[in-house]
Amino acid sequence: MARTDLSNAKKAKQDEFYTQLEDIEKELRFYKDHFNGKVVFCNCDDPYESNFFKYFALHFNDLGLKKLICTCYDGSPFMGNELVFDFDIFHNEASKKAYKVEITEVKDENGDGAIDLSDVRILLQNDKNAISILKGNGDFRSPECVELLKEADIVVTNPPFSLFREYVAQLVEYDKKYIILGNMNAITYRDIFSLIQNNKMWIGQGFNLSMIFKTTYANTNEGNRKYVASKGYNPDDNFVKTPAIAWYTNLDIQKRHEELDLYKSYTPEEYKKYDNYDAINVDKVTDIPCDYEGVMGVPLTFLDKYNPDQFEIIGRTGDIEWAQSECDFFTPPSAERIAKYKKQDHTWRVQNPYFVDETDNVHTIYFRILIRKRSKNNQ
């Protein structure tokens, strides 16, 4: 969906974006070795609609899970559309309450030789201890959900985008492993970037994705609707395209150890130096020079190729406090130049990297990650 639509959704707290099963399968196939014997917690997921719940329930035995825990927030607007339960707690007004599901085994309940959602439904109907109403509203910050978090080994979900920083902070506080979805621009947040810089969080397999989510509001953008329809989804069923989505994790995967092939050589003519940072500008990740040992400013998409054994992340250009107090290769412009550049580009900020041409006009760059190649001298 359009970025403005996503922004409006956040403002209205319309944070229910239901991930499609095929997108979950594409990502989680790279983590299968991490799940054996583990307790998985999906703490933003109503089993009626959550494909995270469906994925782990269907693959419970394949992954060797110890337990699957799933909690929802104040019930689901889609309740009853997928898994239909006959329990008394799901009748009438009680069905709107938040609840949890805990599964410790999944068997071929109907004896048809395969495990599918019908087996999960039979399991939950026969095991009254597997599903229960929560005392609170199911918010991931509530005391009972925090207690469930403490029990978990790995958290896997699509948390509310508007609460992404708070959600990640909780995972860090309780030292949890995780695989979660978020907006790509979350990288620019100081606290999220700090985790990435210190190798406590990294990009998963999927990055800068345009994903289709099911939501609780109508898709009114015509271009978005056409895209959704072209992918086989009905936009009238509240499916929307959302750009710039990334998977974030702290579980090790092979991608993180793949070395980026560098083939270009440095020349001062091609790689200009910023006027306020002692660093060269690199517009494309594929253009990182193989023979430059100094600091380089690279686009945000670099993180999709980041190998901590090959590169060191020094900082980011959007952080004025870091630039002024910690960065020893940052030189702020004079007050006179600041005033002149502001007239040329009202969005320009002191910490933004820029060049000045022969006619004293400024050319600014929105955002750069500052990196340096690893070597024996700076490893």
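The values are calculated or read from the model by the stated rules, or taken from the named source; none is laboratory data. Please read all numbers here as calculations on a predicted model, not as lab measurements. Note: ideal-geometry Cβ built from the backbone for every residue, glycine included; neighbour counts use all protein chains shown. Only protein heavy atoms, including side chains, enter the accessible area calculation; ligands, DNA and RNA are left aside. Shrake-Rupley method; radii C 1.70, N 1.55, O 1.52, S 1.80 Å.
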If you compute P(r) over Cα pairs in 20 Å bins from 0, in percent for the structure shown, which of [x] 26, 44, 25, 5, 0; [y] 25, 50, 22, 3; [z] 17, 24, 20, 16, 11, 6, 3, 1, 0, 0 do you land on? [y]
So, in nm, how far is label Ile133 from label Leu117 when the simple model puts each one 7 Å beyond its Cα toward the Cβ? 2.6 nm
Heavy atoms of the protein only, probe of 1.4 Å, neighbouring chains included. What is the accessible area of Thr359 in Å², nearest 10? 100 Å²
Identify all aspartates and glutamates with a Cα-Cα distance to Lys340 below 20 Å; exclude those on the same chain that are fewer than 8 residues away in sequence. Asp275, Asp357, Glu358, Asp360
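Relative contact order for the stretch 17-70 using alpha-carbon pairs under 8 Å, separation at least 6, rounded to a whole percent? Provide the component values of the computation, followed by the final result.
On the way: 63 pairs, mean separation 25.3, N = 54.
So the answer I get is 47 percent.
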Less than 20 Å from a label point 7 Å out along the Cα-to-Cβ axis of Leu21: which backbone N atoms in the stretch 119-134 qualify, by residue? 119-125
Under the 0.36 nm per residue contour assumption, what length would be gained going from the current alpha-carbon distance of Asp74 and Lys272 to full extension? 65.9 nm
Please get the size of the charge dipole for the chain, origin at its Cα centre, with Cβ charges of +1 on Lys and Arg and -1 on Asp and Glu, quoted in debye to the nearest 20. 720 debye
Are there trypsin sites (Lys or Arg not before Pro) in the stretch 279-379 that DSSP marks as loop and that have at most 13 other Cβ atoms within 10 Å, and which are they? Lys284, Lys376
In deg cm²/dmol and to the nearest 500, what is the mean residue ellipticity at 222 nm of the chain if only DSSP H runs of at least 4 residues count, each as -39500 (n - 2.57), divided by the residue total? -6500 deg cm²/dmol
In terms of the Cα gyration tensor, with a ≥ b ≥ c the square roots of its eigenvalues, is the stretch 136-225 rounded because a/c is under 1.5, prolate because a/b exceeds b/c, or oblate? oblate
Estimated D of the stretch 204-347 in µm² per second, where Rh is the Kirkwood radius over Cα pairs and Stokes-Einstein applies at 25 °C, 0.890 mPa s: 129 µm²/s
Please work out the FRET efficiency for the pair His363 and Val146, using the Cβ-Cβ distance as r and a Förster radius of 51 Å; give the result to the nearest 0.05. 0.55
Heavy-atom accessible area of His59 with all protein chains present, probe 1.4 Å, nearest 10 Å²? 50 Å²
Give the residues of the stretch 267-282 whose amide nitrogen is closer than 17 Å to a point set 7 Å from the Cα of Arg349 in the direction of its Cβ. 276-277
Enumerate by residue number the chymotrypsin sites (Phe, Trp or Tyr not before Pro) in the stretch 263-339 meeting two conditions: DSSP loop (anything except H, G, I, E, B), and at most 11 other Cβ atoms within 10 Å of the site's Cβ. Tyr263
Can you list the lysines whose alpha carbon sits under 25 Å from that of Lys373, skipping same-chain ones fewer than 8 residues off? Lys200, Lys255, Lys264, Lys272, Lys273, Lys284, Lys305
Could you name the lysines whose alpha carbon sits less than 17 Å from that of Lys67, not counting residues in the same chain fewer than 8 places away? Lys32, Lys38, Lys54, Lys100, Lys107, Lys128, Lys150, Lys176, Lys177
